[in-house]
Amino acid sequence: MTTPTEQVLVLAGGLSHERDVSLRSGRRVAEALRSTGLEVVERDVDASLLHVLRSETPSCVVPMLHGETGEDGAIREVFELLDIAYVGAAPAACRTAFDKPVAKAVVAQAGLHTPASVCLPHETFRELGAAVVMSALVARLGLPLMVKPAKSGSALGCAVVRSADELPSAMVNAFAYGDTALLEQFVVGREVAVPVIDDGSGPRALPAVMIRPDGGVYDYTARYTAGSTEFEVPAPLDPGLTEEVARVALAAHAALDLRDLSRSDLIIDPAGQVWFLEVNVAPGFTETSTVPLAIAAAGLDLGKVCASLVQAAVTRGTDRPSARTL
Ligand SMILES: Nc1ncnc2c1ncn2[C@@H]1O[C@H](COP(=O)(O)OP(=O)(O)OP(=O)(O)O)[C@@H](O)[C@H]1O
Ligand SMILES: [Mg+2]
């Protein structure tokens with residue numbers, strides 16, 4: 001038997017670097033849910049949140065928080081503590097997925113391909129001497145290489161390094177977003193984003209979205225400036241590759257123990273090898289985000305999809321029934 005959904009609380013904003021993106025995603029999801037007749041309130045993350053969650057007792061929270069606040073699992077621990085159902089992966093799975101080096105290790109163990117990489121905390125870099133570490137990095141990974149914060153989103157702090165003299169500033173930029181940098185072999189190829197949704201009937205991959213940024217790099221501006229990136233959905237891939245990118249996204253979703261919704265970012269190299277870059281547990285739903293495009297391309301209605309995720313979360317309840325006795 002399913003529990004009736006009374007009020008849905010869409011949580012957006014927060015204090016991460018991706019606050020603006022989150023507010024836009026939250027607004028879009030809230031409107032989509034309202035279009036299905038659900039009662040929806042939109043709330044930000046601030047000191048009043050616990051009080052709001054206790055007094056408004058929503059039957060489900062939809063966390064549309066990107067970046068650290070929303071994707072590292074912390075806020076979901078709070079929902080578990082309060083025994084409030086929510087859409088998306090459990091805290092432990094979020095922690096694994098949000099940490100790119102850890103997620104890469106998990107999916108590699110599951111047999112997926114992910115670019116060769118080195119993960120370097122700021123401290124090691126400083127202690128051992130930046131110059132010697134950097135020359136070893138270039139020797140190991142080759143050029144170009146990709147530098148990114150181990151934990152971040154929206155391509156913030158990410159840079160392509162094409163010559164060794166660009167590496168120091170790229171590292172400084174990555175360290176501005178966290179104390180560990182991930183350096184990866186740069187994969188030349190076609191980029192696709194592949195969402196996976198599970199409304200209770202099992203995970204399924206949505207059509208892949210091919211991403212072609214105007215300037216060649218899918219950076220923050222390319223992501224959130226309308227018209228600056230060209231998307232093609234379904235991605236123009238031959239049937240074998242269409243199946244393969246769906247398989248990889250589903251395998252990453254399963255290996256990382258995700259649920260409800262995820263979006264894997266993949267690159268297909270010229271030999272047809274699919275490389276896993278990362279997975280997002282709270283993907284964007286803005287006007288320029290890929291998940292809503294994939295939902296539309298699958299012939300689905302955004303509101304109905306969001307409502308079915310809410311219903312599945314309400315039916316599941318929280319992971320820890322013992323929380324009720326706290
Ligand atoms: N190894 C790589 N080779 C080539 N391009 C890469 C590589 N890693 C990242 N990129 C490019 O940089 C972009 C940002 O990287 P990534 O998806 O890992 O970061 P993110 O900040 O978590 O982004 P998101 O907004 O998707 O959460 C990718 O969309 C891709 O265009
Ligand atoms: Mg990404």
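The values are calculated or read from the model by the stated rules, or taken from the named source; none is laboratory data. Everything numeric in this text was worked out from a predicted model, so none of it was measured. As a convention, Cβ positions derive from the backbone with ideal geometry for all residues, glycine included, and neighbour counts pool all protein chains shown. For the accessible areas, the whole protein counts, side chains as well, though only heavy atoms, and no ligand, DNA or RNA atoms are used. Shrake-Rupley method; radii C 1.70, N 1.55, O 1.52, S 1.80 Å.
A few notes on this one:
- For residue 21: the one exception among (1) hydrophobic (A, V, I, L, M, F, W, C); (2) more than 24 Å from residue 279 (Cα to Cα); (3) open to solvent by less than 10 Å² (accessible area, probe 1.4 Å); (4) modelled with pLDDT under 95: (2)
- Test for residue 277: is it farther than 23 Å from residue 113 by Cα, modelled with pLDDT of 95 or more, open to solvent by 10 Å² or more (accessible area, probe 1.4 Å) and not acidic (Asp, Glu): no
- Against the list (1) assigned to a helix (DSSP H, G or I); (2) under 15 Å from the mean Cα position of the chain (by Cα); (3) crowded, with 20+ Cβ neighbours inside 10 Å, the condition residue 250 fails is (3).
- Unmet criterion (only one of (1) modelled with pLDDT under 95; (2) open to solvent by 30 Å² or more (accessible area, probe 1.4 Å)) for residue 239: (1)
- Among (1) out of contact with any Cys (no Cβ under 9 Å at 6 or more places or on another chain); (2) modelled with pLDDT under 95, the one test that residue 73 misses: (1)
- When the range 253-278 is filtered for residues that are within 23 Å of residue 184 (Cα to Cα), away from ligand 2 (no atom under 14 Å from the Cβ) and in a strand (DSSP E or B), the ones remaining, listed by number, are 268, 274.
- Qualifying position, being at pLDDT 90 or above, in contact with a strand residue (DSSP E or B) (Cβ under 6 Å, 6 or more places away or on another chain), away from ligand 2 (no atom under 16 Å from the Cβ) and closer than 15 Å to residue 101 by Cβ, among 144, 121: 121
- Scanning the range 109-145 for residues that are part of a helix (DSSP H, G or I), exposed (fewer than 14 other Cβ atoms within 10 Å of the Cβ) and free of Cβ contacts under 8 Å to residues at least 40 places away in the same chain returns 124, 126, 127, 128, 131, 132, 135, 136, 139, 140.
- All positions within the range 53-68 that are crowded, with 17+ Cβ neighbours inside 10 Å and not in a loop (DSSP other than H, G, I, E, B): 53, 60, 61, 62, 63, 67, 68
- If the condition is being under 16 Å from the mean Cα position of the chain (by Cα) and more than 9 Å from ligand 1 (Cβ to nearest atom), then the range 144-197 contributes 150, 192, 194, 195, 196, 197.
Conditions tested, residue by residue: (1) farther than 16 Å from residue 14 by Cβ; (2) under 15 Å from the mean Cα position of the chain (by Cα); (3) of a type in the set (A, V, I, L, M); (4) surrounded by fewer than 22 Cβ atoms within 10 Å (Cβ to Cβ).
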site: 70; (1), (2), (3), (4): no, yes, no, no
site: 79; (1), (2), (3), (4): no, no, no, no
site: 82; (1), (2), (3), (4): yes, no, yes, yes
site: 86; (1), (2), (3), (4): no, no, no, no
site: 89; (1), (2), (3), (4): yes, yes, yes, no
site: 94; (1), (2), (3), (4): no, yes, no, no
site: 97; (1), (2), (3), (4): yes, yes, yes, no
site: 102; (1), (2), (3), (4): yes, yes, yes, yes
site: 105; (1), (2), (3), (4): yes, no, yes, yes
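- A single member of 300, 309, 237, 293 is part of a loop (DSSP other than H, G, I, E, B) and under 30 Å from residue 58 (Cα atoms), and it is 300.
- Candidate set: the range 206-265, residues that are of a type in the set (Ser, Thr, Tyr) and within 11 Å of ligand 1 (Cβ to nearest atom); chosen: the one nearest to residue 193 (Cα to Cα): 264
- Checking each residue in the range 200-230 for being buried (at least 17 other Cβ atoms within 10 Å of the Cβ) and either away from ligand 2 (no atom under 16 Å from the Cβ) or among the hydrophobic types (A, V, I, L, M, F, W, C) (or both) picks out 203, 205, 206, 207, 208, 209, 210, 211, 222.
- When we screen 25, 59, 48, 55 for residues that are small (Gly, Ala, Ser) and in contact with a Gly (Cβ under 9 Å, 6 or more places away or on another chain), the only hit is 25.
- Any hit, the range 292-301, residues being open to solvent by 20 Å² or more (accessible area, probe 1.4 Å), within 16 Å of ligand 2 (Cβ to nearest atom), modelled with pLDDT of 95 or more and out of contact with any helix residue (DSSP H, G or I) (no Cβ under 6 Å at 6 or more places or on another chain): yes
- Residue satisfying all of: in the range 154-199; in contact (Cβ under 8 Å) with a residue 40 or more places away in the chain and of a type in the set (Val, Ile, Thr); surrounded by the fewest Cβ atoms within 10 Å (Cβ to Cβ) among these: 188
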